[in-house]
1. For segment 194-212, which positions are buried (at least 21 other Cβ atoms within 10 Å of the Cβ) and either touching a strand residue (DSSP E or B) at 6+ places or on another chain (Cβ under 9 Å) or in the same structural domain as Gly402 (by TED's automatic domain parsing) (or both)?
2. Of Gly330, Gly354, Gly402, which residue is on the phi > 0 side of the Ramachandran plot and crowded, with 16+ Cβ neighbours inside 10 Å?
3. So, restricting to helices (runs of 4 or more DSSP H) that lie completely within segment 179-265, which ones have at least 2 residues that are within 22 Å of the chain's Cα centre (by Cα) and either at pLDDT 95 or above or away from the ligand (no atom under 11 Å from the Cβ) (or both)?
4. Is it the case that some residue within segment 160-167 is more than 11 Å from the ligand (Cβ to nearest atom), over 21 Å from Thr229 (Cα atoms), open to solvent by 70 Å² or more (accessible area, probe 1.4 Å) and not in a helix (DSSP H, G or I)?
5. Return the total of residues in segment 77-86 being touching a residue at least 24 places away in the same chain (Cβ under 8 Å) and more than 23 Å from Gly279 (Cβ to Cβ).
6. Can you name every residue in segment 367-398 that is in a loop (DSSP other than H, G, I, E, B) and in contact (Cβ under 8 Å) with a residue 24 or more places away in the chain?
7. Just the residues that are of a type in the set (Gly, Ala, Ser), open to solvent by 50 Å² or more (accessible area, probe 1.4 Å) and within 16 Å of the ligand (Cβ to nearest atom), please, taken from segment 274-304.
8. Going by what's in this entry, would Phe361 be described as open to solvent by less than 30 Å² (accessible area, probe 1.4 Å), within 16 Å of the ligand (Cβ to nearest atom) and aromatic (Phe, Trp, Tyr)?
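The values are calculated or read from the model by the stated rules, or taken from the named source; none is laboratory data. Just so we're clear, the structure is a prediction, and the values are computed from it rather than from any experiment. Cβ: placed from backbone, ideal geometry, glycine included. Neighbour counts: every protein chain shown. These area figures cover heavy atoms from the full protein model, side chains too; ligands, DNA and RNA do not enter into them. Shrake-Rupley method; radii C 1.70, N 1.55, O 1.52, S 1.80 Å.
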Amino acid sequence: MNHRLSEILFEKALQFIPGGVNSPVRAFRAVGGKPFFTQKAAGCKIWDVDGNEYIDYVGTWGPAIHGHSHPRIIKAVCDTAQMGTSFGIPNPLEVEMAELVRKMVPSVEKVRMCNSGTEATMSAIRLARGFTGREKIIKFEGCYHGHADSLLVKAGSGALTFGHPDSAGVPPAFVQHTLLAPFNDLEAVKNLFYANPGQIAAIILEPVPGNSGVFIPQSGFLEGLRKLTEEFGSLLIFDEVMTGFRLASGGAQERFNIKPDLSCFGKIIGGGLPVGAFGGRSDIMNCLAPLGPVYQAGTLSGNPLAMAAGIASLELLTETDAFRRLETMGALWEEGMKSIAKDNHIPVRLNRVGSMFCVYFTESPVANLSDAMKSDRERFARYFHLMLEEGIYLAPSQFEAGFLSTAHTEEDIEKTLEAASAAFKKL
Ligand code: KE4
């Protein structure tokens, strides 16, 4: 593949943008090589500035569940833009969005829009602390909740990829109230509650962590967290920025039948535009300004353009057989990959939930961060580039999830599996 124009652009980007990227995971640092620059995206395909075509399994890190440039979403954005892009004054689309979220996610009695997943989780933590009057939070190793100071502790995604799960620039005082436990380890969580009686405001977790690859909650784990938070008077916060509206129309909480106190959203809820949201029990949400003492705000929160894109994205999920299709394609991919790994005698662990998946090059199960760290990242990097050369774009890090969209067809999966079959022979 020729990447000449991407290389020229990247050299130029490096002069003006730290690392040449506006978000670290895009830099290919985890897999080596240089990132390509995207010219256009439509359906499940992307084209780079050199005209190379790829089947896209990153989907802009989750938002593109309907594929790129879905006509419904494009039309909603274009039509709304004619009337203005942001008012900073309440607009009807905010109400429509709030009503739609509440209908799709029954645990969300009230919801506040913001502009990113980071804002959503940061605000939910502040709200939980304000509501309970407690300071400590529990998070899980390898979960990534955005880059708010108190959550950059053993964080996943880019923080993990670049070996700084605890970022520089975060004073110890800012993270002294952040307690850690391994994912799927209920005993460790219980011990934290006993060791910090009356001090834990909330547990925050990705119900299906997608920022260290993909971890699958073991039976009883999510239910156990729900019981512990109820027993100790703490809140349960589901960070559904990635899983929300992906694992079911009501997200992971619908799929696993758990009712959190607060939920955070992003990605799909914005249809590709910058949107985050957090919501849950009214008695908790009513603590937010201007009603209550917990402050939270945002110039562009609920802006009509982002709301229009997000509403179109959510409505498409309720009007089509999206989830049946996503499950079918996911199963097709998984079965194919399993037989390719077997035929080539290469140990892999495929963790998949619906349309979220990850390939670990390891023979032991991966249920938490320490398991994931044992996987062969060199081999993953070779796999990534072999696939890229065949026109298949995977997440450029072992510690990320891959995503299917409703735009992926059986033919795309077949092409992907052919590329994987050729790649595995060279691993
Ligand atoms: P944003 O601030 O990037 O919109 O959302 C942060 C966030 C919060 N919670 C979860 C579960 C998330 O997955 C994310 C962001 N995900 C990463 C991909 N693993 C975004 C990609 C990037 O950082 O460029």
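1. Keep residues of segment 194-212 that are buried (at least 21 other Cβ atoms within 10 Å of the Cβ), which gives 200-212.
Matches in segment 194-212: Ile200, Ala201, Ala202, Ile203, Ile204, Leu205, Glu206, Pro207, Val208, Pro209, Gly210, Ser212.
2. Working: Gly330 fails: on the phi > 0 side of the Ramachandran plot; Gly402 fails: on the phi > 0 side of the Ramachandran plot.
So the residue among Gly330, Gly354, Gly402 that is on the phi > 0 side of the Ramachandran plot and crowded, with 16+ Cβ neighbours inside 10 Å is Gly354.
3. Working: elements: 186-195, 221-232, 251-255.
Result: 221-232, 251-255.
4. The first filter runs over segment 160-167 and keeps only residues more than 11 Å from the ligand (Cβ to nearest atom), leaving 162-167.
Narrowing further to those that are over 21 Å from Thr229 (Cα atoms): 162-167.
Checking which are open to solvent by 70 Å² or more (accessible area, probe 1.4 Å) leaves us with 164, 166.
Remaining after also requiring not in a helix (DSSP H, G or I): 164, 166.
So far as segment 160-167 goes, yes, one or more of its residues are more than 11 Å from the ligand (Cβ to nearest atom), over 21 Å from Thr229 (Cα atoms), open to solvent by 70 Å² or more (accessible area, probe 1.4 Å) and not in a helix (DSSP H, G or I).
5. If we filter segment 77-86 for residues that are touching a residue at least 24 places away in the same chain (Cβ under 8 Å), which is where we start, we get 77, 79-81, 83-86.
With the extra rule that they be more than 23 Å from Gly279 (Cβ to Cβ), the set shrinks to 77, 79, 81, 83-85.
Residues meeting the conditions: 6.
6. Initial filter on segment 367-398 (in a loop (DSSP other than H, G, I, E, B)): 367-368, 373-376, 390-391, 394-398.
Hits for segment 367-398 are Ala367, Asn368, Ser375, Glu390, Gly391, Leu394, Ala395, Pro396, Ser397, Gln398.
7. Those that are of a type in the set (Gly, Ala, Ser), open to solvent by 50 Å² or more (accessible area, probe 1.4 Å) and within 16 Å of the ligand (Cβ to nearest atom): none in segment 274-304.
8. Working: open to solvent by less than 30 Å² (accessible area, probe 1.4 Å): yes; within 16 Å of the ligand (Cβ to nearest atom): no; aromatic (Phe, Trp, Tyr): yes.
When the stated conditions are applied, Phe361 does not pass them.
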